[in-house]
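> After the structure tokens below, expect a handful of questions from me.
The values are calculated or read from the model by the stated rules, or taken from the named source; none is laboratory data. What you see is a predicted model; the values in this text were computed from it and never measured. Note that each Cβ is placed from the backbone with ideal geometry, even for glycine, and that neighbours are counted across all protein chains shown. SASA here: full protein model, heavy atoms, side chains in, ligands and nucleic acids out. Shrake-Rupley method; radii C 1.70, N 1.55, O 1.52, S 1.80 Å.
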Amino acid sequence: MRVLLVEDDAVLTDILLQTLKQQHYVVDIAEDGLMGWDYAQDIAYDLILMDVGLPKLDGISLCQRLRSNGCAAPILLITARDAKTDRIRGLDAGADDYLVKPLDLGEFQARVRALLRRAEGSHNPVLEVGALQLNPITCQVTYRDRLLPLTPKEYSLLELFLRNPLRVFSRGNIIEHLWTYDDPPQEESVKAHIKGLRQKLKTAGAADWIENVYGLGYRLNPKEADAGNQGEGEKGESEKSPLNLQSPPVEQQFNQTIDRLWTQYEELMSKRMAVLQQMVEGAQRGDWSEETRQAAVHAAHKLAGVLGMFGREKGTTIARQIEQFLLETSDYLPEQVQQLSQWAVALQAVMQPSKAEPVKQLPQDERDDRATQDRATQDRATQVKLLVVDDDPVFLAALRPMLEPWGIQMTALQETSQFWQMLNSLSPDLLILDVEMPQQNGIELCEAVRQDATWQGLPILFLTAHQDLQTVQKVFKAGADDYIVKPVVEAELLTRLTSRLERVRLLQTFSTKDPLTGLLNQPTSNRKLEALLCRSTPIAFVVLTLPELQQINLQQGHETGNQVLQRVGQLCQSLVQEAEGLGYWGNGEFVFGLPEGREPAIDRLAPLWMALRQQVFTAPDGTRFQVAFQYGVAESSAHGKAIQLLYQAASSQLSAA
């Protein structure tokens with residue numbers, strides 16, 4: 001997976017780079033917002049991580065620009081600002097998630113994995129095909145429960161294939177996903193890594209799984225492996241010495257990396273501390289400049305953003321206090337100077353690692369009034385059905401007035417014993433769970449939902465008072481899409497809900513709609529028509545074709561041909577509102593059903609045929625032309641209730657209207 005990291009702090013950049021590389025992600029670094037914009041125009045990244053406070057172009061503006069330009073990559077915002085307004089602005093700008101500095105690396109990795117899963121429409125963290133499994137959390141690959149000794153590039157190559165089953169990747173595609181600008185591959189690198197991966201899969205028993213598509217590239221094409229074909233010596237050696245990609249364990253590697261990075265950047269930290277001490281000494285003498293104050297604000301801000309990542313959470317708190325103090329104060333009284341001096345002494349003292357602190361809760365009294373002003377939020381939330389499972393009646397009672405004014409239909413459930421009955425009867429758009437509940441906890445419920453074929457795609461959000469990393473990891477591992485720490489902030493909750501629902505609906509649209517005409521695609525249209533045929537009444541099956549489409553594409557260009565298709569689709573939608581399963585099946589074919597017999601259907605279609613005959617199009621050279629079309633209508637009572645039979649019958653009757 002290729003990741004773009006847009007961050008101007010060298011310390012934080014190096015930490016995140018090391019963390020991402022340990023998970024075998026390919027990372028490009030941009031030091032400012034404009035550079036990040038340029039990078040994102042050249043490469044289709046799998047994930048974009050960006051700081052909010054970037055030079056040249058801030059993170060929120062960059063996010064807005066990317067979304068306006070059609071960038072669909074998941075975006076994670078990183079900010080040292082603890083104000084909820086910045087988080088809400090970021091989510092409204094199109095970000096999928098955010099994290100507040102100092103980052104906890106375990107939570108950071110969990111959120112990265114969750115965003116990548118959402119982007120591919122999967123809730124199962126483990127990628128698997130048959131007996132082959134790749135676990136992004138542990139970075140282990142197994143075949144029939146035996147570890148495969150893959151190199152980092154072989155691992156990344158296999159992950160690319162598993163995340164994109166059946167897709168053919170050219171060498172250029174593979175290079176784009178697996179190499180950075182600073183690490184260009186040799187000419188034969190792709191071929192060598194493909195060969196190595198093939199050999200190791202073959203040794204494990206998955207022979208010929210990497211297929212060479214002549215003239216195009218490579219794809220994963222799983223075949224039934226015959227373990228019995230392996231030589232006994234080869235098999236025995238493979239069983240004796242499987243290699244673990246993560247040895248020593250990931251957590252130990254993180255600790256070693258953090259210790260090493262602290263040593264590496266200790267001098268820089270000391271310089272930042274010296275800037276603060278210079279400000280304190282100037283304040284004590286009553287002799288300091290605005291430049292000195294601004295430098296101290298900057299140093300405190302940077303220390304607050306990274307100290308917690310080295311286990312110095314108290315230092316983060318103190319640095320934030322200093323930053324806020326310097327931002328709000330211009331003239332220093334003796335007692336204020338004394339307070340600033342005490343903070344500086346305390347900050348200097350907290351240079352030893354300590355245990356990670358929980359995620360800071362947002363005070364209940366800091367609710368933002370934006371939720372009552374932003375009517376767009378209400379528009380996005382209208383007609384949303386929400387199921388909330390929590391055993392605390394006080395919490396449920398407090399949650400309802402937050403949601404219902406915005407058109408969100410909230411159903412509360414305290415007893416988990418009634419969960420499945422309520423889920424099936426309500427068919428919610430989104431599920432909210434608490435972690436701790438007496439009968440069955442929320443994590444268990446989430447896992448059960450993800451294993452159910454009917455509900456495994458349902459968006460799930462956790463609202464929990466738990467802030468510890470272990471709970472966060474369990475929540476994401478269970479398949480959750482997101483979580484918010486209680487007490488809940490109204491505006492943040494509404495923004496999270498609507499952002500999640502919009503992303504789900506967008507993915508559903510991509511999977512069910514034809515992107516050119518906006519009509520149903522062939523598989524979805526086919527399913528709708530099959531459901532229509534289950535009714536007892538006669539069904540008219542209509543096929544409308546444009547026989548001159550290929551000629552229009554050749555003579556006038558595909559853009560003109562696309563305009564013709566879009567207009568025909570619009571006319572079908574507006575003039576045949578009774579049509580069911582209306583879809584574009586490709587090659588100039590529009591198909592739909594009408595809940596009536598053939599003759600009534602032909603009469604009903606007369607306005608459509610007239611509108612099509614009168615429609616005039618303009619070619620790029622300015623010439624105007626009309627488009628010929630044909631149609632055929634079959635009836636289920638005469639031709640059968642199988643889609644293929646009706647399609648054949650309607651196609652055999654094609655004639656000009």
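> With the cut-off at 22 Å, tell me which of the pairs Lys153/Lys202; Lys21/Lys101; Lys21/Lys153; Lys101/Lys314; Lys21/Lys56 have Cα atoms farther apart than that. Numbers along the way, then the final one.
Details: Lys153/Lys202 17 Å; Lys21/Lys101 20 Å; Lys21/Lys153 11 Å; Lys101/Lys314 13 Å; Lys21/Lys56 27 Å.
Going by Cα-Cα distance, Lys21/Lys56 fall outside the 22 Å limit.
> Now for a separate question. Karplus couplings for the range 622-637 from phi (6.51 cos²θ - 1.76 cosθ + 1.60, θ = phi - 60°), rounded to Hz, Gly and Pro as x?
x, 5, 10, 8, 10, 10, 7, 9, 9, 9, x, 10, 10, 10, 5, 5
> What's the FRET efficiency of His298 with Ala628 using the Cβ-Cβ distance as r and R₀ = 51 Å, to the nearest 0.05?
Values: r = 69 Å, r/R0 = 1.36.
After rounding to 0.05, the efficiency reads 0.15.
> Also: Given a Förster distance of 25 angstrom, what is the FRET efficiency for Glu589 paired with Asp621, based on the Cβ-Cβ distance and rounded to 0.05?
On the way: r = 28 Å, r/R0 = 1.11.
After rounding to 0.05, the efficiency reads 0.35.
> Quick one: which residues, 5 or more positions from Val384 or on another chain, have an amide H under 5 Å from its amide H? H modelled 1.01 Å from N in the peptide plane, none for Pro or chain starts.
Gln409
> Rounded if a/c is under 1.5, else prolate if a/b is larger than b/c, else oblate: which is the range 1-62, with a ≥ b ≥ c the root eigenvalues of its Cα gyration tensor?
Oblate.
> On to the next question. What order do you get for 523-529, 330-336, 476-482 when each peptide is scored by the mean count of other beta carbon atoms within 10 Å, highest first?
On the way: 523-529: 18.0, 330-336: 10.4, 476-482: 22.6.
Final packing ranking: 476-482, 523-529, 330-336.
> Further question on the same structure: If you roll a 1.4 Å probe over the heavy atoms of the protein chains, what accessible area per residue do you get for the range 551-593, in Å²? Walk me through the numbers before you get to the answer.
Details: 2010 Å² over 43 residues.
The answer is 47 Å² per residue.
> Same structure, new question: Given points 7 Å out from each Cα along the Cα-Cβ axis, report the Thr329 to Thr411 separation in nanometres with one decimal.
Once both label points are built, they end up 5.6 nm from each other.
> In what sequence, highest mean first, do 598-604, 21-27 appear when ranked by Cβ atoms within 10 angstrom? Could you put the intermediate results ahead of the total?
Working: 598-604: 15.9, 21-27: 19.1.
Listed from highest to lowest mean packing, they are 21-27, 598-604.
> Please state the shape class of the range 1-116: rounded when a/c is under 1.5, otherwise prolate if a/b exceeds b/c and oblate if not, all from the C-alpha gyration tensor.
Numbers: a/c = 1.31, a/b = 1.09, b/c = 1.21.
Cα axes put the range 1-116 in the rounded bin.
> Asp208 to Glu266: extension gain in nm, 0.36 nm per residue of separation minus the Cα-Cα distance? Intermediate results must be reported in sequence, preceding the final value.
Details: separation 58, 0.36 × 58 = 20.88 nm, distance 5.07 nm.
Full extension from Asp208 to Glu266 adds 15.8 nm.
> Here's a follow-up. Give a residue-ordered list of calculated ³J(HN,Hα) values for the range 607-617 (Karplus: 6.51 cos²θ - 1.76 cosθ + 1.60, θ = phi - 60°; whole Hz; x for Gly, Pro).
Per residue, the Karplus-derived 3J(HN,Hα) values read x, 5, 4, 5, 5, 5, 5, 8, 6, 10, 10 Hz.
> Rounded to the nearest 0.05, what FRET efficiency do Ser68 and Ala44 give with R0 = 22 Å and r taken as the Cβ-Cβ distance? Could you check?
Numbers: r = 17 Å, r/R0 = 0.76.
Calculated transfer efficiency: 0.85.
> Compute the label zone of Ser341 within the range 271-294: residues whose backbone N is under 17 Å from the point 7 Å along Cα-to-Cβ.
276-288
> Something else about it: Show the residues, 5+ positions off or on another chain, whose built amide H is closer than 5 Å to the amide H of Val6.
Under 5 Å from the amide H of Val6 lie the amide H atoms of Ala30, Leu49, Met50, Asp51, each far enough along the sequence or on another chain.
> Give me the one-decimal nm value for the distance between modelled label points at Leu469 and Ile602, 7 Å along each residue's Cα-to-Cβ direction.
Result for the modelled spin labels: 7.4 nm.
> Here's something else I'd like to know. On a full-extension model of 0.36 nm per residue, what is the gain between Cys534 and Lys191, subtracting their alpha-carbon distance, rounded to one decimal in nm? Intermediate values should be presented prior to the final figure.
Numbers: separation 343, 0.36 × 343 = 123.48 nm, distance 5.18 nm.
Fully extending the segment from Cys534 to Lys191 adds 118.3 nm.
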